[in-house]
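First the structure, in the form of structure tokens, and then the observations on it.
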């Protein structure tokens, strides 16, 4: 996981104490008369969206949450001994309302995780360990993006992960979706443009489950930390339509200062309803975040849903800047996670914590809002519930 984001997770917590795998449809039957056209039609017929699959909103019912137990000590700047206890607290909250699936590298790693969790009042019936090795285990970004269809079927999309186009060790993380597809016996699609696998992190998008998707130009279109060189906006929009069931993409500009993922939208703006978003704003004109967040707010206020209605936009404050080793940390209240009966929210021992928690409590009146757990959204990946 990005080291500064990982340190922020510690900083915030300590402050408050049977289907075949269809990886590629290239071998589909072709017409003798029109092989290229026939192959394209066959590919289109087997895309997730054509089969009725879509990416559900995060607030829709979960079967489980996936996380990876921490192991890369250098990601936490000398603070690693406390990190497993942070994860245990996250698991404790989540397993009260849904199953928690935990990736571990091997038997020894699983034993270490169990040792910590035994002190967290855990119901073991809600915990499942999966021995799948990771490099860092930022599950929102390297894990599968699950999709569902109206027949109650679950599948997953296996986007390529390349360490945020920044860090060199990512090959085990990139293998996670394919390994899970096989273990779960789920249909799987590897998104491609022509013959090229597409890079996408789950933290770079947010959806309303009804055809809208939020993302940023900085993350997906910038030449800095470029995920998919040579691809244009239209190419990505077509992929979102084909593999996630998206009908309209809402493009924001830049992300927050200090974000070494270079513009993830889950630090900026999140859907909290079919036509409602919450977005962070900075009230200090001298702060580096002031202008890009104002520009994003201006864009949102002119955006519409699929019926042409303006989005309802709710402001969420930004905490005071946090630094580590003279590097600004990507501190944002928008990095919350929506579980089945609660919303887990990062807090910063900041006067604005209460305002942020109150705003989110108003937006999620049927869920308990829990603060103090760090920037946990990119640690998690939800598996939607299917079949009732």
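The values are calculated or read from the model by the stated rules, or taken from the named source; none is laboratory data. As the structure is a prediction and not an experimental result, all values here were calculated from the model. FYI the Cβ positions are ideal-geometry reconstructions off the backbone, even for glycines, and counts take in every protein chain you see.
Going by what's in this entry, would residue 373 be described as touching a strand residue (DSSP E or B) at 6+ places or on another chain (Cβ under 7 Å) and either surrounded by 20 or more Cβ atoms within 10 Å (Cβ to Cβ) or part of a loop (DSSP other than H, G, I, E, B) (or both)?
So residue 373 passes the test.
One line per residue, one yes/no per condition, for (1) in a loop (DSSP other than H, G, I, E, B); (2) in contact with a helix residue (DSSP H, G or I) (Cβ under 8 Å, 6 or more places away or on another chain):
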position: 279; (1), (2): no, yes
position: 286; (1), (2): yes, no
position: 295; (1), (2): no, no
position: 300; (1), (2): no, no
position: 306; (1), (2): yes, no
position: 316; (1), (2): no, yes
position: 334; (1), (2): yes, yes
position: 356; (1), (2): no, no
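Listed residues 129, 146; which is surrounded by fewer than 23 Cβ atoms within 10 Å (Cβ to Cβ) and assigned to a strand (DSSP E or B)?
The conditions single out 129.
With the structure loaded, tell me whether residue 311 is at pLDDT below 95, touching a helix residue (DSSP H, G or I) at 6+ places or on another chain (Cβ under 7 Å), closer than 18 Å to residue 266 by Cα and buried (at least 21 other Cβ atoms within 10 Å of the Cβ) or whether it fails that test.
Working: at pLDDT below 95: no; touching a helix residue (DSSP H, G or I) at 6+ places or on another chain (Cβ under 7 Å): yes; closer than 18 Å to residue 266 by Cα: yes; buried (at least 21 other Cβ atoms within 10 Å of the Cβ): yes.
For residue 311, the condition - at pLDDT below 95, touching a helix residue (DSSP H, G or I) at 6+ places or on another chain (Cβ under 7 Å), closer than 18 Å to residue 266 by Cα and buried (at least 21 other Cβ atoms within 10 Å of the Cβ) - is not met.
Test each condition in (1) in contact with a strand residue (DSSP E or B) (Cβ under 6 Å, 6 or more places away or on another chain); (2) under 27 Å from residue 189 (Cα atoms); (3) surrounded by fewer than 17 Cβ atoms within 10 Å (Cβ to Cβ) for residue 232 and report the one that comes out false.
(1)
For residues in segment 376-388 being in a loop (DSSP other than H, G, I, E, B) and within 15 Å of the chain's Cα centre (by Cα), which is nearest to residue 144 (Cα to Cα)? Write out each step before concluding.
Applying the first criterion (in a loop (DSSP other than H, G, I, E, B)) to segment 376-388 yields 376, 380, 385-388.
When the remaining residues are screened for being within 15 Å of the chain's Cα centre (by Cα), the result is 376, 380.
Values: 376: 17, 380: 11 Å.
So the residue we want is 380.
Is it the case that segment 76-87 has a residue that's more than 23 Å from residue 372 (Cβ to Cβ), at pLDDT 60 or above and more than 20 Å from the chain's Cα centre (by Cα)? Step through it out loud before you land on a result.
Step one: list which residues in segment 76-87 are more than 23 Å from residue 372 (Cβ to Cβ), which gives none.
No, segment 76-87 contains no residue that is more than 23 Å from residue 372 (Cβ to Cβ), at pLDDT 60 or above and more than 20 Å from the chain's Cα centre (by Cα).
Which number in (1) modelled with pLDDT under 90; (2) buried (at least 16 other Cβ atoms within 10 Å of the Cβ); (3) farther than 29 Å from residue 369 by Cβ; (4) under 25 Å from the mean Cα position of the chain (by Cα) marks the one condition that residue 39 misses?
(4)
Please verify whether segment 91-100 includes one or more residues that are closer than 30 Å to residue 247 by Cβ and either out of contact with any helix residue (DSSP H, G or I) (no Cβ under 6 Å at 6 or more places or on another chain) or at pLDDT 95 or above (or both).
Yes: segment 91-100 contains one or more residues that are closer than 30 Å to residue 247 by Cβ and either out of contact with any helix residue (DSSP H, G or I) (no Cβ under 6 Å at 6 or more places or on another chain) or at pLDDT 95 or above (or both).
Which of the residues belonging to segment 156-172 are in a strand (DSSP E or B) and surrounded by 23 or more Cβ atoms within 10 Å (Cβ to Cβ)?
Selection gives 156, 157.
So, in segment 181-200, exactly how many residues are out of contact with any strand residue (DSSP E or B) (no Cβ under 9 Å at 6 or more places or on another chain), part of a loop (DSSP other than H, G, I, E, B) and modelled with pLDDT of 95 or more?
Total satisfying the criteria: 1.
Somewhere in segment 132-141, is a residue surrounded by fewer than 18 Cβ atoms within 10 Å (Cβ to Cβ), at pLDDT 95 or above, out of contact with any helix residue (DSSP H, G or I) (no Cβ under 6 Å at 6 or more places or on another chain) and not in a strand (DSSP E or B)?
Checking segment 132-141: not a single residue is surrounded by fewer than 18 Cβ atoms within 10 Å (Cβ to Cβ), at pLDDT 95 or above, out of contact with any helix residue (DSSP H, G or I) (no Cβ under 6 Å at 6 or more places or on another chain) and not in a strand (DSSP E or B).
How many of the residues making up segment 250-277 are under 15 Å from residue 313 (Cβ atoms) and part of a strand (DSSP E or B)?
The total comes to 9.
Counting only residues that are part of a helix (DSSP H, G or I) and farther than 18 Å from residue 380 by Cα, how many does segment 71-95 have?
As a first pass, look at segment 71-95 and keep what is part of a helix (DSSP H, G or I): 73-76, 80-94.
Those still in the list that are farther than 18 Å from residue 380 by Cα too: 73-74, 80-82.
Total satisfying the criteria: 5.
Within segment 336-355, track down each residue that is within 22 Å of residue 207 (Cα to Cα) and touching a strand residue (DSSP E or B) at 6+ places or on another chain (Cβ under 6 Å).
336, 337, 340, 342, 343, 344, 345
Might you check whether a residue that is loosely packed, with under 15 Cβ neighbours inside 10 Å and in a loop (DSSP other than H, G, I, E, B) occurs anywhere in segment 360-367?
Yes, some residue in segment 360-367 is loosely packed, with under 15 Cβ neighbours inside 10 Å and in a loop (DSSP other than H, G, I, E, B).
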